[in-house]
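Asks: Supplied in C-alpha cells, the structure appears directly below.
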Amino acid sequence: MDKILQIRLTLTPQAYSAEDHSEVTEFCQLVTFNAVSEDEVNKLLQRCPNKSCSLDFMPTWLLKNCYKPLVPTITSIINMSFSEGHVPASLKEAIITPLLKKPPLDADILKNYRPVSNLSFLSKLNERVVAERLKQHMAAHSCLEPLQSVYRSFHSTETALLKESAE
C-alpha cells in the first residue's frame, strides 16, 4: 500500500495524501480467501475454454465432460492452497515456448522472441478463483478507483467516456 501511495503522490500531489487514505488502506486489507464451494468450481469449470497443456493429467474437454467425480478433489486442492497460503509446486510448472514478438522480425535473433508460459488447467482454474475473490473483495470494500474501467465487468471504453463527459 505504501508503494501505491508513493506513486499517487508523485502523480498528483494535491489530490492524494497519506492521511486521506489511511482509513482506506486498513479497510481494504485482504488477509485470507474464503473457501471455494463445489458449486462455484462447477460453474468456473464449465466457463473455461477447452485449451489443454501437456502438463494436464487429461484433456480439458474430457475433464469438463467427466467433471462430477473430480470436482470434490479439485475443490479440496484449491481450498488447501488458500488455507496454507501458497500454490502447490506442481501448479507452478509451465511449458515455456519462445514466440516471435512480431512476424517480420528476424527469427535468427534471440532478442526478437518472447517467452510464453503454458500452465496446467488446474493452475489456471486456481488463478480464476483467486481473481474472483480479489474482484469480490475490491468491489465490496470500494478499493477500485471510481473511473477505472479496465478489467471490470460492465465497464468499457464507452462507459469511461460517458463518465468523463458527465463530469
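Asks: Condition first: farther than 30 Å from LEU63 by Cα and either hydroxyl-bearing (Ser, Thr, Tyr) or under 14 Å from the mean Cα position of the chain (by Cα) (or both). Now tell me which residues in the range 84-139 satisfy that. Talk me through it step by step, then tell me what you get.
Replies: First, pick out the residues of the range 84-139 that are farther than 30 Å from LEU63 by Cα: 100-114, 138-139.
Those that are farther than 30 Å from LEU63 by Cα and either hydroxyl-bearing (Ser, Thr, Tyr) or under 14 Å from the mean Cα position of the chain (by Cα) (or both): TYR113, MET138.
Asks: Which one of VAL116, VAL71, VAL129 is touching an Asp or Glu at 6+ places or on another chain (Cβ under 7 Å) and of a type in the set (A, V, I, L, M)?
Replies: That would be VAL71, the only listed residue that is touching an Asp or Glu at 6+ places or on another chain (Cβ under 7 Å) and of a type in the set (A, V, I, L, M).
Asks: Report, by residue number, each residue of the range 45-56 that is touching a residue at least 24 places away in the same chain (Cβ under 8 Å) and either assigned to a loop (DSSP other than H, G, I, E, B) or within 22 Å of PRO115 (Cα to Cα) (or both).
Replies: Across the range 45-56, the qualifying residues are CYS48, LYS51, SER52, CYS53, SER54, LEU55, ASP56.
Asks: Then there is this: Quick one: which helices (runs of 4 or more DSSP H) lie wholly within the range 70-167 and hold at least 2 residues that are surrounded by 15 or more Cβ atoms within 10 Å (Cβ to Cβ)?
Replies: Filter on the range 70-167 gives 71-84, 121-140.
Asks: So, GLN46, is that one more than 20 Å from SER142 (Cα to Cα), at pLDDT 90 or above and of a type outside the set (Ser, Thr, Tyr) or not?
Replies: For GLN46, the condition - more than 20 Å from SER142 (Cα to Cα), at pLDDT 90 or above and of a type outside the set (Ser, Thr, Tyr) - is met.
Asks: Residues to consider are ASN65, ASN118; find the one that is touching a residue at least 60 places away in the same chain (Cβ under 8 Å) and more than 23 Å from PHE33 (Cβ to Cβ).
Replies: One residue alone meets the criteria, ASN118.
Asks: Right, next: Inspect all residues belonging to the range 25-34 and state whether any of them is among the β-branched types (Val, Ile, Thr), surrounded by fewer than 10 Cβ atoms within 10 Å (Cβ to Cβ), at pLDDT below 90 and assigned to a helix (DSSP H, G or I).
Replies: No, every residue in the range 25-34 fails to be among the β-branched types (Val, Ile, Thr), surrounded by fewer than 10 Cβ atoms within 10 Å (Cβ to Cβ), at pLDDT below 90 and assigned to a helix (DSSP H, G or I).
Asks: Scanning for something touching a Pro at 6+ places or on another chain (Cβ under 9 Å) and under 14 Å from LEU45 (Cα atoms), does the range 58-67 turn up at least one residue? Steps first, answer last, please.
Replies: Within the range 58-67, the subset touching a Pro at 6+ places or on another chain (Cβ under 9 Å) is 60.
Within this subset, residues satisfying the condition of being under 14 Å from LEU45 (Cα atoms) are 60.
Yes, the conditions are met somewhere in the range 58-67.
The values are calculated or read from the model by the stated rules, or taken from the named source; none is laboratory data. Bear in mind that the values here come from a model prediction, so they are computed numbers and not experimental data. Positions of Cβ are backbone-derived with ideal geometry, glycine not excepted, and every protein chain shown enters the neighbour counts.
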